[in-house]
1. Give the residues of the stretch 1-29 that are among the polar types (S, T, N, Q) and either within 20 Å of I39 (Cα to Cα) or crowded, with 16+ Cβ neighbours inside 10 Å (or both), sorted by residue number.
2. Restricting to the stretch 38-62, name every residue that is within 19 Å of P28 (Cβ to Cβ) and either acidic (D, E) or in a loop (DSSP other than H, G, I, E, B) (or both).
3. Which number in (1) in contact with a Ser or Thr (Cβ under 6 Å, 6 or more places away or on another chain); (2) surrounded by fewer than 20 Cβ atoms within 10 Å (Cβ to Cβ); (3) closer than 25 Å to K149 by Cβ marks the one condition that T98 misses?
4. Would you please name the residue that is surrounded by the fewest Cβ atoms within 10 Å (Cβ to Cβ), looking only at residues in the stretch 127-150 that are in a strand (DSSP E or B), at pLDDT 90 or above and not acidic (D, E)?
5. Which of the residues that make up the stretch 1-49 are hydrophobic (A, V, I, L, M, F, W, C), touching an Asp or Glu at 6+ places or on another chain (Cβ under 8 Å) and at pLDDT below 95?
6. Which residues, taken from the stretch 123-160, are touching a residue at least 60 places away in the same chain (Cβ under 8 Å) and closer than 17 Å to T6 by Cβ?
7. If you scan the stretch 34-60, which residues turn out to be over 25 Å from Y134 (Cα atoms) and hydroxyl-bearing (S, T, Y)?
8. Determine, yes or no, whether R83 is at pLDDT below 95, within 14 Å of A17 (Cβ to Cβ) and surrounded by fewer than 17 Cβ atoms within 10 Å (Cβ to Cβ).
Amino acid sequence: MTNEPTIEHRDEQPYVAIRTRVKMSDIPAVLPPLVPQIIHWLDQHHVVQAGPVFFRYLLFDHEDHLLVDVGVPTQLPLQVHGRVVAGSFPAASYVTVTYKGDYRHLKDVHMGLESWMKEKGLREGTQHVEGAEYAARTEFYITDPDEVKDPQEWRTDVTILLAEK
């Protein structure tokens, strides 16, 4: 189940994440174990989480691999080193749809949102960071599956950065 997509302007939002390259078919095995690792990093560094855990899909290559940030929003930009990276969602307009259900169907949600954007004449934007163009297509996991056991009750906000007109 999804709601009707909405468009809203958002202020810049800093975050910290673990960046990894993953094959699309390996997402369920590779990305979720990174969530407790980034939460542990926050605890170790006394950083307050300023929003839900997310997977931000940065790049997709022709070999079915993705570059993904598994992260959490922070109140302020941070200086980091090692495996954890600092990033931000740019101040811009985003299209968002809320999906309620099992994560296995999120690909369909993305495809539906792409179709909706095409019908409305909207294009996906990119963010230029350190010499590379990155997407800001993100799944924000509003419901914690450790707290809510029924996958049909899991809520995920799928957002896509919109290109400037």
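1. T2, Q13, T20
2. P52, V53
3. If we test T98 against (1) in contact with a Ser or Thr (Cβ under 6 Å, 6 or more places away or on another chain); (2) surrounded by fewer than 20 Cβ atoms within 10 Å (Cβ to Cβ); (3) closer than 25 Å to K149 by Cβ, just (1) comes out false.
4. Per the stated criteria, the residue is Y141.
5. We begin by selecting, within the stretch 1-49, every residue hydrophobic (A, V, I, L, M, F, W, C); these are 1, 7, 16-18, 22, 24, 27, 29-31, 34-35, 38-39, 41-42, 47-48.
Remaining after also requiring touching an Asp or Glu at 6+ places or on another chain (Cβ under 8 Å): 17-18, 24.
Correct list: M24 only.
6. The answer is A136, R137, T138, E139, F140, I142, D157, V158, T159, I160.
7. None; the set is empty.
8. Yes: the conditions hold for R83.
The values are calculated or read from the model by the stated rules, or taken from the named source; none is laboratory data. Since this is a predicted model, take the numbers as computed values, not measurements. When we count neighbours, we look across all protein chains shown, and the Cβ atoms used for this are built from the backbone with ideal geometry, even at glycine.
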